[in-house]
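Could you have a look at this structure, given as structure tokens, before my questions?
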Amino acid sequence: MEAEFKDAEIFKRMMDATGNLMSDVSIDFNEEGFAIKAMDPANIAMVLFEAKNSIFSSFNIEKPIKISVSLDDLNGILKLVKKDDKLKISDSKNKLVLDIRGKTKQHFTIPLIDENYTAQKIPQLKFTAEVTVLSSLVKDSVKAAALVDDSIYFTVDMPRLIISSKSEEKEFSQDLSINDNKEIFDMKSESTTRSKYSIEYLTKFLYSADSEKPIKLSFSNNYPLKLDYEINSDAKMSFILANRLE
Amino acid sequence: MEAEFKDAEIFKRMMDATGNLMSDVSIDFNEEGFAIKAMDPANIAMVLFEAKNSIFSSFNIEKPIKISVSLDDLNGILKLVKKDDKLKISDSKNKLVLDIRGKTKQHFTIPLIDENYTAQKIPQLKFTAEVTVLSSLVKDSVKAAALVDDSIYFTVDMPRLIISSKSEEKEFSQDLSINDNKEIFDMKSESTTRSKYSIEYLTKFLYSADSEKPIKLSFSNNYPLKLDYEINSDAKMSFILANRLE
Amino acid sequence: MEAEFKDAEIFKRMMDATGNLMSDVSIDFNEEGFAIKAMDPANIAMVLFEAKNSIFSSFNIEKPIKISVSLDDLNGILKLVKKDDKLKISDSKNKLVLDIRGKTKQHFTIPLIDENYTAQKIPQLKFTAEVTVLSSLVKDSVKAAALVDDSIYFTVDMPRLIISSKSEEKEFSQDLSINDNKEIFDMKSESTTRSKYSIEYLTKFLYSADSEKPIKLSFSNNYPLKLDYEINSDAKMSFILANRLE
């Protein structure tokens, strides 16, 4: 496998988000592009990333291959990639080779690691509520909720979206309506839907989301959350997060 | 009590300065506005803040009320207030309610706490020296003095203001004259006046002072210091600091 | 001795670089200007700095004098010097006196310390390879190599300069040619020359080098490195670094 990225920034952002959740990553390359399906070590969150082969300016692959590396190694090197630098990755025996070409050409090899993860089965989830909203709005709400508790409630009661948190002594709530808040792009819910999630994980999920772009929250009553956003038209990131018991 | 601030930034700065000195605060609201009189836990410094009711765009109060909260709780929430956001505070049973209204409306409640402080008696102080000087000048001098010792001397010997510090081995001094330094706006002293103060406390007092604006230092020989500055025409901050023995 | 600097920034940068390597410094003043020759406490690196008396706007010296001070004391004070401030230093009994004159005049005295260092003998070194290269290029390479190991190889095989590092599992290499890379200003080597150095020390040496200016690397096979750069035409900094065994 040998692949050169059109825009290494996109790969950097995907790996950065992954590095917040786990220390190793397995990337599945096939003719279509690449994908990551991984469970965090605490078994609470799942990452499901997909990038089409159009993300590459050149791409040679003989057969599908899974590449597992330490995210410490990989993200350390990706940090060196400057704007307009070209990045090529390839596999060679038990190594991943990274070539950064800018003013100069930097060449790295890092070890592939044994993949300890068994193939992740993606849960089949059915959601009763879906909200598409400006990323910065959720980021701000999560920060506010963190002052009160370590978990957050999302409630959809059409046409309202309520984001709230509550501890024994303190409360936070933010009341939004699709009619009044132009930061809400789309919202639907079969009936009143409400569920509770970890703020720590949500913060990690949102880390790589562009504040100026939409994210989609899908959930049901007392049910896992799916959070989706695009890095660009070629790269999609999804996170699944177990709900917290009320 | 229900009050909406014209400019929440002023309340933020007052509470920020207070948070450097103590972990809880008691605010006295009455028809005139609000005031804080508090002793720091080490009994070395006193804060005396006053804001007129003109600081509010709307203000309803039935009877004077004292509101005591954790500054951790309060300042965490105030940090979320963005420029041009409106902030309303009100009391409800044993809670302080904060409503931030910007693009969205965030609603917080935090517990009121039992006020452990007995009412502070403000000491009647008489000063022989008063100096009004650009805040940045004192900030710079305090930083310089901190390289030499943990306390600082202020000396007024008309027309000179000498700011200095001295340890066994090192010395710092800064010699200013009201005739030469346009950063000194006003200065009077009955005779040569000199006193010594803690640099740590002075640094905390100056934290919220606008570098481009005047502060007033009032003191006598081996006597407490009073430091005054305005946040704006509606909000005044004063600090009293015990002198150090020479 | 009494000396006023034309541009205190230069003295700041020299002392800042020194402070990364040792806690005390001895500065030799004579009619020509001043010089520092010092070994780091681990005996691995040597600093050799020289500044001509043209660095001073005024300079009075009766006889050569060595001034030894704590770099904590000195650099703390130098941090206060703002752009366009004037800095005068002088010795007085067992003290170094520093006068900063800007908007106000700050006056410091710090103790001279007993110089524990015996006079450093500068090793007579003969190099087979010399490379003059843009500082930022080496800075970037050192950062990249640090991801792989704690030491770095410099190899000159005309017309190529190879900067690389290697651990049991990871590799980094950067291949440059004087023909292709305009960041390489000059390069000569008697034959293939290669040597290995500590990344930690190189990072400290490069700390005060202007990224936009050239540095010179001189070395031989398995032999110490000399790294030279100018702060300006009046001030030269050199560092000697023991090689690491391959």
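What's the Kirkwood radius of the range C:69-222 in Å, using all Cα pairs?
18.7 Å
Still on this structure, I have one more. If you look at just the Cα atoms of the range C:194-246, how large are its Rg and its Dmax in Å?
11.6, 37
Got the A:Asn179 label distances to the other copies yet, label 7 Å along Cα→Cβ, in nm, shortest first?
Label-point separations across copies, in nm and ascending: 7.5, 7.5.
Give the nm distances, rounded to one decimal, from C:Lys213 to the matching residue in every other copy, measuring between label points 7 Å along Cα toward the beta carbon; shortest first.
Label-point distances to the other copies, shortest first: 4.2, 4.2 nm.
Take the cross-link list B:Lys182/B:Lys226; A:Lys196/A:Lys216; A:Lys37/A:Lys182; A:Lys52/A:Lys79; A:Lys52/A:Lys83 and give me the ones stretching past 25 Å between alpha-carbons.
Cα-Cα > 25 Å for A:Lys37/A:Lys182; rest within.
Hey, another quick one. Return the FRET efficiency for the residue pair B:Ser211, C:Glu2: r is the Cβ-Cβ distance, R0 is 30 Å, and the value is rounded to the nearest 0.05.
After rounding, the FRET efficiency stands at 0.35.
Can you give me the angle between helix C:135-145 and the longest principal axis of chain C, using Cα atoms only, in degrees from 0 to 90, rounded to the nearest 10?
Helix C:135-145 sits roughly 60 degrees off the main axis of chain C.
Turning to a different aspect of this structure: Count, for each residue of A:167-177, the Cβ atoms from other chains sitting within 10 Å of its Cβ, then give me the mean as a whole number.
Per residue, the number of nearby Cβ atoms from other chains is 5 on average.
From the label point of A:Met158, set 7 Å along Cα to the beta carbon, how far off in nm is each other copy's matching point, shortest first?
Ordered by increasing distance: 8.1, 8.1 nm.
Further question: Got a sec? How would A:Met15, C:Met237 order by Cβ neighbour count within 10 Å, fewest to most? Write down the numbers at each step before the final one.
Numbers: A:Met15 20, C:Met237 23.
In order of increasing Cβ crowding within 10 Å: A:Met15, C:Met237.
Here is a follow-up. Below 8 Å between Cα atoms, with a sequence gap of 6+, how large is the relative contact order for the range B:117-246 in percent?
29 percent
Further question: For the range B:153-203, take the alpha-carbon Rg, divide it by the Kirkwood Rh, and send me Rg/Rh.
On the way: Rg = 11.9 Å, Rh = 12.0 Å.
The Rg/Rh ratio comes out at 1.00.
Nearest-to-axis residue of chain B, judged by Cβ, for the B-to-A rotation, with distance in whole Å?
That would be B:Lys79, 17.
For a quick check: sort B:Met158, A:Met187 by the number of other beta carbons within 10 angstrom, fewest at the front.
Fewest-to-most ranking of B:Met158, A:Met187: B:Met158, A:Met187.
With Kirkwood's inverse mean 1/r over C-alpha pairs for Rh, give me the Rg to Rh ratio of the range B:135-246, two decimals please.
Rounded to two decimals, Rg/Rh equals 0.94.
In percent, what relative contact order does the range C:40-148 have, based on Cα pairs under 8 Å that are 6 or more apart in sequence?
The normalised contact order for the range C:40-148 reaches 17 percent.
Ok, one more. Would you mind counting up the charge near A:Met46? Only other residues with Cβ under 11 Å from its Cβ, with Lys and Arg at +1 and Asp and Glu at -1.
+2
Step by step: find N for the range B:1-150, compute 2.2 N^0.38 Å, then divide the Cα radius of gyration by it. What's the final number?
For the range B:1-150, the normalised Cα radius of gyration is 1.17.
Shifting gears a bit: Output the pairs from B:Lys213/C:Lys12; A:Lys12/C:Lys166; A:Lys143/B:Lys105; B:Lys139/C:Lys105 with a Cα-Cα distance over 19 Å in this structure; if there are none, say none. The partial results should precede the final answer.
Working: B:Lys213/C:Lys12 30 Å; A:Lys12/C:Lys166 24 Å; A:Lys143/B:Lys105 14 Å; B:Lys139/C:Lys105 14 Å.
Among B:Lys213/C:Lys12; A:Lys12/C:Lys166; A:Lys143/B:Lys105; B:Lys139/C:Lys105, the Cα-Cα distance tops 19 Å for B:Lys213/C:Lys12; A:Lys12/C:Lys166.
Next up: Once you have the alpha carbon radius of gyration of the protein assembly as shown, what is it after dividing by 2.2 N^0.38 Å, with N set to its residue count?
1.19
Convex hull over the Cα atoms of the range A:78-150, averaged projected area in nm²?
9.9 nm²
Would you calculate, for chain A, the mean residue ellipticity at 222 nm contributed by helices, counting each DSSP H stretch of 4 or more residues as -39,500 (n - 2.57) and dividing by all residues, to the nearest 500?
On the way: 4 runs with 39 residues, N = 246.
Dividing the helical sum by the residues of chain A leaves -4500 deg cm²/dmol.
Any chance you could get the radius of gyration and Dmax over the Cα atoms of the range A:13-64, in Å?
Cα-based Rg and Dmax for the range A:13-64 come out at 12.2, 37 Å.
Bear in mind these aren't lab numbers, they're just calculated from the coordinates by the rules spelled out. Please read these numbers as outputs of a predicted model, since none were measured by experiment. Counting neighbours? That spans all protein chains shown, and the Cβs are built from the backbone with ideal geometry, glycine included.
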